[in-house]
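All of the numbers you see were taken from the coordinates with simple rules; none came from a lab. Keep in mind it's a predicted model, so treat the numbers as computed, not measured. Heads up, the Cβs are rebuilt from the backbone with ideal geometry, glycines too, and the neighbour counts pull from every protein chain shown.
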Amino acid sequence: MDKLIFNPYRVSKYNEYYRFITSGFIHADFGHLIFNMLSLWFVGEGIERLFAGLFGASGAIYYLLLFIAGIVVADIPTFLKHRTNSKYNSLGASGGVSAVLFAAILFAPTMTISLYFFIKMKAFIFGILFLGYSFYEARKGTSYVNHSAHMYGAIFGMIFMAIVYPASVPGFFAQIGEWLGGLRP
């Protein structure tokens, strides 16, 4: 784990840039791994199918690029903030999972997301709450969780989707508008 974990100080001092990627493939415990895997499975399949429809056989490459670049990009602000702190470590695929999840939210904002199988809400509402919570926790800075990676992974996922599938942006607003219109009597 010590060779793979994201330690910004070691990246900066010893040029161990591989840690940007390897840290995304190790997890703190089984629960952390399962949560990331389930989240990725629930929304990832739809994005993978979308990319296959848009890009044919190259769709899998786009999906992998979204996920792996999400892991890397999500850790850049953490690197910049902690590059002189030899004690700071971060691990997990949460940046990549957030990137895939928020690409899906941009594409299908009114899909239903279930938290713990019994709390259900529209994806864009979940997205707002998730970003707000991640921002709050990142600013507070008292947790062992890298909340900024969640936040920046999410932002990267939306930007990635907007670039590779520009129709997702007006589609996002149209779907929310239709849903809001359906709520009126």
**Report entry** Qualifying chymotrypsin sites (Phe, Trp or Tyr not before Pro) for the stretch 93-185 [loop in DSSP, other Cβ within 10 Å: at most 11]
**Finding:** 116, 117, 118, 144
Query - Proximal charge balance of residue 94 [Cβ under 14 Å; K/R count +1, D/E count -1] - result: -3
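Calculate, in nm to one decimal, what residue 22 and residue 180 gain on full extension: separation in residues at 0.36 nm each, minus their alpha carbon distance. If you can, show how the numbers build up before the last one.
On the way: separation 158, 0.36 × 158 = 56.88 nm, distance 4.22 nm.
That pair, residue 22 and residue 180, stretches by 52.7 nm at full extension.
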Query raised in the report: From the phi of every residue in the stretch 106-117, what ³J(HN,Hα) in whole Hz does the Karplus formula 6.51 cos²θ - 1.76 cosθ + 1.60 yield, where θ is phi - 60° and glycine or proline is x?
Result: 5, 6, 9, x, 9, 5, 8, 10, 10, 9, 6, 6
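Please give the direction-averaged projected area of the C-alpha convex hull for the stretch 8-183, in square nanometres with one decimal. The partial results should precede the final answer.
Working: hull surface 43.9 nm².
Mean projected area for the stretch 8-183: 11.0 nm², to one decimal.
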Report summary line: Gyration tensor on Cα atoms of the stretch 1-65, a ≥ b ≥ c root eigenvalues, a/c under 1.5 rounded, else prolate if a/b beats b/c, else oblate, says oblate
Query raised in the report: Can you list the aspartates and glutamates whose alpha carbon is less than 20 Å from that of residue 87, not counting same-chain residues fewer than 8 positions off?
Result: 2, 16, 29, 75, 137
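Starting from the stretch 104-185, pick out the trypsin sites (Lys or Arg not before Pro) whose DSSP state is loop and whose Cβ has at most 11 other Cβ atoms within 10 Å. Don't jump to the answer; show the numbers that get you there.
Numbers: sites: 120, 122, 139, 140; in loops: none.
Nothing satisfies the criteria.
Determine the sum of side-chain charges near residue 3: Lys and Arg each +1, Asp and Glu each -1, restricted to other residues whose C-beta is under 12 angstrom from that of residue 3.
Details: positive: 10, 19; negative: 2, 16.
With Lys, Arg at +1 and Asp, Glu at -1, the neighbours total 0.
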Requested in this report: Would you kindly derive the ³J(HN,Hα) couplings of the stretch 155-166 from the backbone phi angles with the Karplus curve 6.51 cos²θ - 1.76 cosθ + 1.60 (θ = phi - 60°), listing them in order in whole Hz, with x for Gly and Pro?
Outcome: 4, 4, x, 5, 5, 4, 4, 5, 6, 7, 9, x
Query raised in the report: How high is the relative contact order of the chain, given as a whole-number percent (alpha carbon pairs under 8 Å, six or more residues apart)?
Result: 25 percent
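For the stretch 1-65, which chymotrypsin sites (Phe, Trp or Tyr not before Pro) are both in a DSSP coil and crowded by at most 13 other Cβ atoms within 10 Å? Could the numbers behind the result be given before it?
Values: sites: 6, 9, 14, 17, 18, 20, 25, 30, 35, 41, 42, 51, 55, 62, 63; in loops: 17, 18.
Filter output for the stretch 1-65: 17, 18.
Please say if the stretch 19-110 is rounded, prolate or oblate, where rounded means a/c under 1.5 for a ≥ b ≥ c the square roots of the C-alpha gyration tensor eigenvalues, and otherwise the choice is prolate for a/b larger than b/c and oblate otherwise? Kindly include the intermediate steps, with their values, before the conclusion.
Working: a/c = 2.28, a/b = 1.80, b/c = 1.27.
The shape class here is prolate.
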